[in-house]
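Reviewing the structure listed below.
Since every read-out is calculated from the coordinates, none of them should be taken as a lab result. Note that the coordinates shown come from a computational prediction; the quantities given were computed from them, not determined experimentally. Heads up, the Cβs are rebuilt from the backbone with ideal geometry, glycines too, and the neighbour counts pull from every protein chain shown.
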Ligand code: UD1
Ligand code: CA
């Protein structure tokens, strides 16, 4: 088989009307990655000389996504003429005139199409010296897809779109996946001949098939067994079903790598997440972005980690964390909120109803209860009392709080930043720390307590409180 040159065209100009979204369809995400990126990954693996992306709807954001991972891609802006046929026509016009190879056409909304399936399609096409080879599948319910119409001989005759099909044609269950290989010469000859006299008034690339067979050229169809790989995503029902399917595969992959996943149904793992053996994921856990979890850590229940790193043996319970680093054997939650830049040292603790942001909490240091700690550094083996607030914002600027090592701060403190608390220092309950506290000092800011005796009897006579106070007085008499 001769090694011919190759171009891949990714169709991404459509509006995605059925999505009813302000986000272009091809940027909706599946396992954390835009639909179009799934397709670019498989198509890119063919190592084509030319990778063309056809864009139109919301073109700037789509182009940014394409160039992000495929900087060498050729971007083609589709004009006012609608339809996949026009999209391919303009892509072919953008190829160098001397290009004389094969053109693989894929849709950006068919995310499960993998490299191996594309490679097999291309091999079959080249072996048969076909002018076109399309990827098809026999589905139990073919509704919505273009149907592959065959002749009595069994040879492919043409493709008819669902909206244009007769009742008999709609009974055909072999569908066109929207993935094809064409010789560029077939495209150059026949694309200009495609009209738009159809139900959608569009130029259909699918009309290529009928034009080629009428011209006596070879058109083959490769039917795949893994039919789910060809499912197109057109609406949110299909998107959710595809997300479920992909998640099932990702979950199973990690189970086979030694991760315990108690409830696969409620555990969602993005494709770029990385997990170690003996990690345990409890129900209701979502691991997103580039989250990494080291061996023996227990995460969940009801925890969402985005781009977060969890160290060996850490426990992260009922927590929401983004861009955080949780040290080995550390403990987080239940009900903790770690915002970007939260770094917790080995053996440390961010406890119940604690919010952190841009903090570095040293080894063995703890923020156990009901606190907000932001723009702060804490040394090692310090304990921050319950109900502590770092007042880091003066209404204009953010300021830092620095807490040393082996510090013990009292409950219900406010650290008014910028402020430093030295190593080994203490603070009393309810202290508002406005000035630096030297190492080893005890900070106190509260006025001495004063008790006004008999206040209740004088001011609330006859109340339940007054009666209780009177009873207490009698028993102590
Ligand atoms: C298309 C096929 C149909 C096939 C189905 C498989 C046509 C006419 N029909 O239908 O036979 O069964 O895919 O999923 O091709 N696009 C453009 N420019 C346009 C219109 C669409 O680039 O003017 C892009 C879209 O962004 C999308 C792809 O082409 O990525 C397919 O378009 P879509 O409207 O989803 O086609 P289907 O109706 O699904
Ligand atoms: Ca589609």
So how much slack lies between residue 141 and residue 472, counting 0.36 nm per residue of separation and subtracting their Cα-Cα distance, in nm?
111.1 nm
How large is the convex hull of the C-alpha atoms of the stretch 326-477 per residue, in Å³?
166 Å³
The base-10 log of I(q)/I(0) that the Debye equation returns for the stretch 75-175 at q = 0.10, 0.18, 0.21, 0.24 Å⁻¹, one scatterer per C-alpha, is -0.36, -1.15, -1.37, -1.42
Footprinting exposure proxy for 473, 98, 41 (fewest neighbouring C-beta atoms within 10 Å first)
98, 473, 41
0 to 90° range, to nearest 10: angle between helix 59-69 axis and the chain longest Cα axis
80 degrees
The Cα extents of the stretch 399-477 along the principal axes, largest first and rounded to whole Å, are 51, 25, 16
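Could you put 261, 269, 218 in order, starting from the residue whose Cβ has the fewest other Cβ atoms within 10 Å?
Arranged by neighbour count, lowest to highest, 261, 269, 218 become 218, 261, 269.
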Nearest 10 degrees, 0 to 90: helix 84-94 Cα axis against the chain principal axis
90 degrees
Give me the Å³ per residue figure for the convex hull around the C-alpha atoms of the stretch 361-420.
59 Å³
Compute the separation of the alpha-carbon centres of the stretch 27-46 and the stretch 138-169 and state it in Å as a whole number.
28 Å
Among bridges DSSP assigns within the chain, what percent are antiparallel (round to 5)?
15 percent
Determine the relative contact order of the chain: mean sequence separation of Cα pairs under 8 Å and six or more apart, normalised by residue count, in whole percent.
8 percent
Report, to two decimal places, the Cα Rg of the chain normalised by 2.2 N^0.38 Å (N = number of residues).
1.42
The stretch 338-402: antiparallel DSSP beta bridges as a percent of all, rounded to 5:
5 percent
For the chain, take the longest principal axis of its alpha carbons; what is the angle in degrees between that and the long axis of helix 35-44, to the nearest 10 within 0 to 90?
60 degrees
Taking the number of other C-beta atoms within 10 Å as the exposure measure, put 143, 304, 390 in order starting with the fewest.
143, 304, 390
Restricting the count to DSSP beta bridges whose residues both fall in the stretch 356-450, what percent are antiparallel, rounded to a multiple of 5?
5 percent
What is the distance in Å between the Cα centroid of the stretch 404-442 and that of the stretch 271-343?
30 Å
Can you give the convex hull volume of the alpha carbon atoms of the stretch 1-150 per residue, in Å³?
137 Å³
State log₁₀ I(q)/I(0) for the stretch 212-360 at q = 0.10, 0.12, 0.13, 0.19 Å⁻¹ as given by the Debye formula over alpha-carbon point scatterers of equal weight, solvent excluded.
-0.41, -0.53, -0.60, -1.05
